[in-house]
1. Of 94, 153, 134, which is farthest along the charge dipole of the chain in the positive direction, counting Lys and Arg as +1 and Asp and Glu as -1 at C-beta?
2. Please state the charge dipole magnitude for the chain, taken about the Cα centre, from unit charges on C-beta atoms (+1 on K and R, -1 on D and E), reported in debye and rounded to the nearest 20.
3. List, largest first, the extents of the alpha carbons of the stretch 5-216 along their principal axes, each in whole Å.
4. Under DSSP H, which helices of the chain have Cα atoms covering 15 Å or more of the helix axis and a Kyte-Doolittle average no less than -1.0?
5. Over the Cα atoms of the stretch 20-133, what radius of gyration and what Dmax do you get, in Å?
6. Output the Cα-based Rg and Dmax of the stretch 1-62 in Å, rounding Rg to one decimal and Dmax to a whole number.
7. Two decimals, Cα atoms only, Kirkwood Rh: what is Rg/Rh over the stretch 87-166?
8. Tell me, what is the Rg over Rh of the stretch 143-196, with Rh the Kirkwood radius over Cα pairs?
Amino acid sequence: MRNARIHPSILSADFANLASELERIHTADGVHVDVMDNHFVPNLTLGLPVVEALQKASKLPIDVHLMIENADRWAPEYAQLGVDSVTFHVEASAAPIRLARELRSAGAKAAMALRPATPIEPYLDMLGELDMVLLMTVEPGFGGQKFLDLVLPKIQRARAAIEGSGKPIALQVDGGISRDTILRAAEAGADVFVAGSAVYSAPEPSVEVDVLRNLALGGH
Ligand code: DX5
Ligand code: ZN
């Protein structure tokens, strides 16, 4: 039986009403918070003070996705806020093993993200340092982009490596996840699904979360 957790991205929410936007996704398994610095990606969103406020306001676990340069410097500060997980991009970390250990020792789950063109193979020996791997299924930076099917083989290879490791490592996908694409990602081996525009453009975001989870599990 497959596992499927849905983490809506509040990138597509109304930033002027974040507390009520959290309430609209109360059926979700976590809240995905996209931090962008206008350097690692050409977009700017929010930083430590807003994540701290979200952590206090949210009943759901907070999943922080850092799309920032110099992750080694900044990621531990997010972990110290008490969030559930902190995801850094391997392309922005000089010492990903040390960073993953720092995140865990600060009490957060450690997660590492790869852009669509970054191969997983160089990092397989460090899987044991991680609680989650995030495979981007769009180029990071913006919501509402089209799912990149070319990432599907990498999802399959990552799933095989995770099974081989025998460790309970989650495999997250982010970008272009919708009713049309979620089953493909699930069948390839993903078990945590970020969805921004698909959830927040729905008339009832909390219902859409349940629809997406059911589709990922192979239902209708
Ligand atoms: C993109 C962000 C995503 C984004 C996904 O760089 O990391 O989390 O919000 O949005 P959708 O689901 O609309 O592709
Ligand atoms: Zn994201």
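We did not get these values from a lab; they are worked out from the coordinates using the rules stated. Remember, it's a predicted structure, so these values are computed and weren't measured experimentally. Here the Cβ positions follow ideal geometry from the backbone for every residue, glycine too, while neighbour counts run over all protein chains shown.
1. Farthest along the dipole direction, towards plus: 153.
2. Value, rounded to 20: 400 debye.
3. Principal-axis extents of the Cα atoms in the stretch 5-216, largest first: 43, 36, 31 Å.
4. Going by DSSP H runs, the hits are 152-165, 205-216.
5. 13.8, 42
6. Here Rg and the maximum Cα pair distance are 12.6, 41 Å.
7. Rounded to two decimals, Rg/Rh equals 0.97.
8. Checking Rg against Rh, the ratio lands at 0.98.
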